[in-house]
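Written below as structure tokens is the structure these notes are about.
The values are calculated or read from the model by the stated rules, or taken from the named source; none is laboratory data. None of these values were measured; they are calculated from a predicted model. When we count neighbours, we look across all protein chains shown, and the Cβ atoms used for this are built from the backbone with ideal geometry, even at glycine.
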């Protein structure tokens, strides 16, 4: 068990079936489960999810718990969007995934995105007026979408909806700590 008691909380991770960065999916999912949260992993298809390490080497495989078109956003306390260039590029072109992002942000529910994950937020029009971080190559996209990009390990912005962002796998400890803090602060309880 981790440091926080997240029993009774539920989270949703949205990913593509190929290309999600291994540790950016597996570490937060395991952390949330260890802390007692229920977490679903949704992908476009019910097929196995192939993770990658560094966008090129095959990593572990993960079984999705449901397909994106089966997601009921109101059933979850937090949306989690991991990175991986291929994963994020696929998600931002998936209308169902972007609809899920919009459902969370429009109701004020927390969203956590790491690395290239914020591309889905840009596509959903959910970065305007927000301060966030990401993999550095997204900074122009974020700025063009009305957000303020900063280079920090983790950034939490509560304007409109709670948004937790991080830059890369090296920031995972800070990232999961902030997810715990947002959930236990009662942002969704």
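The table that follows gives values for the structure above.
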quantity	calculated
Residue that is under 12 Å from the mean Cα position of the chain (by Cα), closer than 23 Å to residue 35 by Cα and touching a residue at least 24 places away in the same chain (Cβ under 8 Å), where the choices are 155, 176, 101, 182	176
Residue, surrounded by the most Cβ atoms within 10 Å (Cβ to Cβ), within segment 125-144, restricted to residues that are touching a residue at least 24 places away in the same chain (Cβ under 8 Å) and more than 19 Å from residue 176 (Cβ to Cβ)	126
Residue list for segment 1-24, filter: under 20 Å from residue 71 (Cβ atoms) and in contact with a strand residue (DSSP E or B) (Cβ under 6 Å, 6 or more places away or on another chain)	10, 11, 12, 13, 14, 15, 17, 18, 19, 20, 24
Subset of segment 157-177 [surrounded by 18 or more Cβ atoms within 10 Å (Cβ to Cβ) and in contact with a helix residue (DSSP H, G or I) (Cβ under 9 Å, 6 or more places away or on another chain)]	161, 162, 163, 164, 165, 166, 167, 168, 169, 172, 175, 176
Subset of segment 80-91 (residues that are surrounded by 22 or more Cβ atoms within 10 Å (Cβ to Cβ) and over 14 Å from residue 40 (Cα atoms))	83, 84, 87, 88, 91
Selected residue (only one of 70, 50, 30 is free of Cβ contacts under 8 Å to residues at least 12 places away in the same chain and surrounded by fewer than 20 Cβ atoms within 10 Å (Cβ to Cβ))	30
Filter result for residue 77 (surrounded by fewer than 22 Cβ atoms within 10 Å (Cβ to Cβ), touching a residue at least 40 places away in the same chain (Cβ under 8 Å) and within 15 Å of the chain's Cα centre (by Cα))	yes
From the options 111, 122, 62, residue that is more than 20 Å from residue 146 (Cα to Cα), at pLDDT 95 or above and surrounded by 14 or more Cβ atoms within 10 Å (Cβ to Cβ)	62
